[in-house]
Structures are given as structure tokens and as C-alpha cells.
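Report on the structure given below.
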Amino acid sequence: MRSRTPDRLCAEAVELAREAAEEAALPGKVGEHVEALADGDRVVTHYFACEDPGYRGWRWAVTVARASRAKAVTVDETVLLPGPDALLAPEWVPWSERLRPGDMGPGDLLPTDAEDLRLEPGWTGEDVPPPNSAVSREMTELVEAEDAEVSAGPPSAQPTTPARGSIASLAEELGMRRARVLSRYGLHTAADRWDESHGAKTPMAQAAPASCVSCGFLIPIGGSLGQAFGVCGNEFGPADGHVVSLSYGCGGHSEAAVMPKPPRPAPPVIDETLVDLMPLRPEAAEAEEDLGHS
């Protein structure tokens, strides 16, 4: 418990505490005495201002003490501590929380946590699929009940392509032949992220003449997300190559403003591409013709 009243001899040992602070700090970096606080019986900490520009608001704390019935005061420890208005470094944040979309560059590796909520186990072709996989034991029993061909061993060990109805074929069709696939949480977070960037509430969609669901440039995608999203294939649109919500829209809608065919011009009345020979003196030419001159 901290005593309310500092010990008199320890509180008066300001110069002893200053010498200890100057010994620990660089020359000229110990400022004026700020205060002295009691840490216990016959234990007092003296605080001195730190004059180092890199430690603005920090203080040198020197703790002194004396033994019971002794008059000699000794130094316990000297440390640099932040004050109430000290300049502190921001709180450390793990790299996984600091990472933002677009931060990765060529050659960067982004490891995923083994317990990442966005992912769940898939099926890599092993004999025993994960219990929560679409090709679990229950699915295997169902396939066997339907007299389907179930091949033993991973697909890489099979001499031919897995037959339709087998575990490998079913996993291939469902897109589950991977170590991990998107979980339900991962699908929802992806949908929220795409809808925020290219959804119905964006300014572009609010000003669009029609939505993407009726646009000819929309490329459908498979899976459950295909019911609400597609890929824009309009090279002149603002979302070309991006996943867009079916309720998104832009001014490049294929049916918003259909340009009419240019009118075909009528054939010319006067053919200006030919040249007519005209005599310079029509009267002289007629007279020569009557006299029979050549």
C-alpha cells in the first residue's frame, strides 16, 4: 500500500536521485524535479522531466529508500517512464489485423490461420473425408446404397478418370476437392464485401437507368452466390471484371440506351464521279461540221 505522506529523509534526497538519473541518462537530458511520491514505508520515487526531444512528456523516475531506524538513503532503481501527456507509440496490432485489401504485392505470401472462420475442411481425395464435408461417411453410405461405384484410394492413384457417381466425381462436381473451402461465414463476409463495393446502395447504382440483372454484359457465376452476384463483362463499365450484385447498375447497361442503326443514304441523283467533255466554242464546232472539214 502506498503511504500518503512520503518519508522525510527520502523526500529530501532530491540531489541523490538527480545524480542517479544523470548517470543513467545522457548529459543534459535530466530536467527539473517534478514531484516525489511515496511508494511505501520509507520508499519514495522522485520524478524528473526528460529533456530528450525523442521522449516528449516522459520522466526519469528514481526510487530511493532507507532501512528502518537508518538515516542513510540509497537508490533502488532508475527508469524512464511516460508521463500523463507523453508521446507514446500506437498500440501494437497483429499483422493479420493491419492487413488491408490491396496490400499484397508480387512475391508476398499471405498465410491463413488453421482455425480461420472463413474456411472449412474440403476433401483432398483421402480415404476418410473430414466429418463436416459434403463427402463424409454419410454421403459415402448414400452413394453405396444407390449402387454407385466407389473407388478406393485418392484420385491420383486411380488409373482412369473417376466414374460418375463416385466420391471423387461428386467432389469434383461440387468443387470440394480442395483441402479447405469457403465456410458459410466466409460466403457471407464475401457477399457483404462485394455488395458494399458494387451493390444497390452505391452512388453509381442509384443513378443507373437499370440494374445488372437485365444487362447483357452480366456473366453468371455458379454456386449459391450466383443467385445474387455475377461478373461484369463491359470493358467500358466502371466494374469491368469485378463481381457485382444483381441489383447494381451503371450507365453502361446494354438495354438502357440502344443506339439506332445509322440511316442508309439514298443513291445520288447526279453522278459527280464522271467527267463530261464540253467544247470551248460550240458555234465553231457546228460550222466545221457543215463544211465537211476534218
HN-Hα couplings for the stretch 15-28 via Karplus (6.51, -1.76, 1.60; θ = phi - 60°), in whole Hz with x for Gly/Pro, come out as 5, 5, 5, 5, 4, 5, 5, 5, 5, 7, 8, 6, x, x
For residue 271, the accessible surface traced by a 1.4 Å probe with all protein chains present amounts, in square angstrom to the nearest 10, to 90 Å²
In order over the stretch 32-38: 3J(HN,Hα) from phi, Karplus 6.51/-1.76/1.60, θ = phi - 60°, whole Hz, x for each Gly or Pro, gives 6, 6, 8, 6, 9, 10, 7
Once amide hydrogens are built 1.01 Å from N within the peptide plane, the residues lying 5 or more places from residue 43 or on another chain with amide H under 5 Å from its amide H are 7
Given backbone amide H placed at 1.01 Å from N, residues whose amide H is under 5 Å from that of residue 229, ignoring those fewer than 5 places away on the same chain, are 246
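Rank these by accessible area, largest first, 1.4 Å probe: 48, 217, 236. Show your work: numbers first, answer last.
Working: 48 0, 217 85, 236 180 Å².
Per-residue accessible area, sorted high to low, gives 236, 217, 48.
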Residue-ordered couplings for the stretch 231-247, obtained by feeding phi - 60° into the Karplus form 6.51 cos²θ - 1.76 cosθ + 1.60 and rounding to whole Hz (Gly and Pro as x), are 10, 7, x, 8, 5, 9, x, x, 10, 4, x, 9, 6, 10, 6, 5, 8
With a ≥ b ≥ c from the Cα gyration tensor eigenvalues, square-rooted, and the rule rounded for a/c under 1.5, otherwise prolate when a/b > b/c and oblate otherwise, the stretch 70-127 is prolate
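The values are calculated or read from the model by the stated rules, or taken from the named source; none is laboratory data. This structure is a prediction, so every number in the text was calculated from the model and none was measured. The accessibility values were calculated without ligands, DNA or RNA, using every heavy atom of the protein model including side chains. Shrake-Rupley method; radii C 1.70, N 1.55, O 1.52, S 1.80 Å.
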